[in-house]
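The values are calculated or read from the model by the stated rules, or taken from the named source; none is laboratory data. Computed from a predicted structure; not experimentally measured. Cβ atoms come from the backbone with ideal geometry, glycine included; neighbour counts cover every protein chain shown. Each accessible area value is taken on the protein alone, full model and side chains, heavy atoms only, with ligands, DNA and RNA left out. Shrake-Rupley method; radii C 1.70, N 1.55, O 1.52, S 1.80 Å.
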Amino acid sequence: YLTLSFSYATALMKDPDDLVQKAYGWLLKEASNVYPAEVFAYVLKNKKDMTRTALRYAIEKMPFEFRKKALS
């Protein structure tokens, strides 16, 4: 389901609704429990298009070094 999760996140990335941003950020956060490296790579690739809310949700459970790099 990782590919499907990425396609949903990509489709919702430009949605201006705050709850939608939180939802796809949460989706990525939960996916990172099983696929941390893949989600981290996706976040780094798309961080310029993601809102800060979605980015924060997506990296919430990642190791400190991952979070630091994603926010830089």
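The table below lists the values:
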{"quantity": "Members of the stretch 31-45 found to be under 12 Å from Leu55 (Cβ atoms) and among the hydrophobic types (A, V, I, L, M, F, W, C), listed by number", "calculated": "Val39, Phe40, Val43, Leu44"}
{"quantity": "Hits in the stretch 50-66 (condition: under 16 Å from Lys22 (Cβ atoms) and not hydroxyl-bearing (Ser, Thr, Tyr))", "calculated": "Met50, Arg52, Ala54, Leu55, Arg56, Ala58, Ile59, Glu60, Lys61"}
{"quantity": "Qualifying position, being open to solvent by 50 Å² or more (accessible area, probe 1.4 Å) and part of a loop (DSSP other than H, G, I, E, B), among Lys14, Lys22, Lys68", "calculated": "Lys14"}
{"quantity": "Qualifying positions in the stretch 27-62 - in a helix (DSSP H, G or I), under 17 Å from Tyr8 (Cβ atoms) and open to solvent by 80 Å² or more (accessible area, probe 1.4 Å)", "calculated": "Glu38, Lys45"}
{"quantity": "Enumeration of residues in the stretch 2-11 that are in contact with a helix residue (DSSP H, G or I) (Cβ under 8 Å, 6 or more places away or on another chain) and open to solvent by 70 Å² or more (accessible area, probe 1.4 Å)", "calculated": "Tyr8, Thr10"}
